[in-house]
Protein chains: 2
Amino acid sequence: MSATPDSIPDFSKMDGLVPAIAQDAATGEVLMMAYMNAESYAETLATGRAVYFSRSRGKLWRKGEESGNVQMVESLYVDCDADTILLKVNQIGGAACHEGYKSCFFRQVTPQGLQVVGQRVFDPKQVYKK
Amino acid sequence: MSATPDSIPDFSKMDGLVPAIAQDAATGEVLMMAYMNAESYAETLATGRAVYFSRSRGKLWRKGEESGNVQMVESLYVDCDADTILLKVNQIGGAACHEGYKSCFFRQVTPQGLQVVGQRVFDPKQVYKK
């Protein structure tokens, strides 16, 4: 049936990565999805802050290290196949998305096209000063 | 910034697949995560029922086709990078997980090991008669 705890999470299916879903612990809103490798998973457990692995940058991504919008992990779950992680988090700063929205899923697909349904919490230009 | 509607969802990053998160539209509970290809995405939009692509079976997975626990899609969202889908669904039968739990994320990772925190809605042996 289920994998043994020793192999949980199962990083073997996707080149060492597993998808990790971050959900607002208070409201249940799905905030974002990113990937974790074994190192980022271990650091997440050790620190209580969500740490992902950035595929585009090829390195650990300590969520909020630049914006300050860290995610404090309140609880962590694995799915039946142990190949996906769910994090219930306290999203510091109120916004998970680098575009300034609370959730990365701020656009709804409708018969009339994409509709922005999320509300902007911050202006990315002010937060990411490059 | 965002991709144009013509390239949404962006199936190019993962061999034609995008992760799709199913969330209970009424309670906000995250039920499962699976993958969609362009064909399953199109069928989902056309039929209003969640259709995934099974990586292990290598074919379309019309969720609930065997168990009857189909997912009626109430709304559908894409994330900022357009490479992940969020579905808000009405989960027929009350359980998304093939192990009989409402959510596939029925196990919590704790310092004491894995704890089953979900409640079983059905007995898999009764539903999947093989």
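The values are calculated or read from the model by the stated rules, or taken from the named source; none is laboratory data. All figures in this text were calculated on a predicted structure; none of them were measured in a lab. Every residue, glycine as well, gets a Cβ built from its backbone with ideal geometry; the counts of neighbours run over all protein chains shown. Protein only, heavy atoms only, side chains kept; ligands, DNA and RNA dropped before computing areas. Shrake-Rupley method; radii C 1.70, N 1.55, O 1.52, S 1.80 Å.
Summary table
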quantity: Residue check, B:VAL109 more than 15 Å from the chain's Cα centre (by Cα), of a type outside the set (Asp, Glu), within 30 Å of A:PHE106 (Cα to Cα) and within 14 Å of chain A (Cβ to nearest Cβ); calculated: yes
quantity: Count of segment B:12-23 residues which are at the interface with chain A (Cβ under 9 Å from one of its Cβ atoms) and outside any loop (DSSP other than H, G, I, E, B); calculated: 3
quantity: Index of the failed condition, B:PRO5 passing every other in (1) surrounded by fewer than 20 Cβ atoms within 10 Å (Cβ to Cβ); (2) modelled with pLDDT of 95 or more; calculated: (2)
quantity: A:GLY94 being among the small types (Gly, Ala, Ser), more than 11 Å from chain B (Cβ to nearest Cβ) and over 19 Å from B:ILE21 (Cβ atoms); calculated: yes
quantity: Test result for A:ILE85, closer than 28 Å to A:TYR41 by Cα, among the β-branched types (Val, Ile, Thr) and open to solvent by less than 10 Å² (accessible area, probe 1.4 Å); calculated: yes
quantity: Flag for B:ARG49 being open to solvent by 40 Å² or more (accessible area, probe 1.4 Å), more than 8 Å from chain A (Cβ to nearest Cβ) and over 22 Å from A:PRO19 (Cα atoms); calculated: yes
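To keep it simple, each residue is scored yes or no on (1) within 30 Å of A:LEU114 (Cα to Cα); (2) open to solvent by 20 Å² or more (accessible area, probe 1.4 Å); (3) at pLDDT below 95.
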residue	(1), (2), (3)
B:MET14	yes, yes, yes
B:ASN37	yes, yes, no
B:PHE53	yes, yes, no
B:GLY58	yes, yes, no
B:LYS63	yes, no, no
B:CYS80	yes, no, no
B:GLN119	no, yes, yes
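Quick grid of which residues meet (1) in a strand (DSSP E or B); (2) open to solvent by 50 Å² or more (accessible area, probe 1.4 Å); (3) touching a residue at least 24 places away in the same chain (Cβ under 8 Å):
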| position | (1), (2), (3) |
| --- | --- |
| A:ALA96 | no, no, yes |
| A:PHE105 | no, no, yes |
| A:VAL109 | yes, no, no |
| A:LEU114 | yes, yes, no |
| A:PHE122 | no, no, yes |
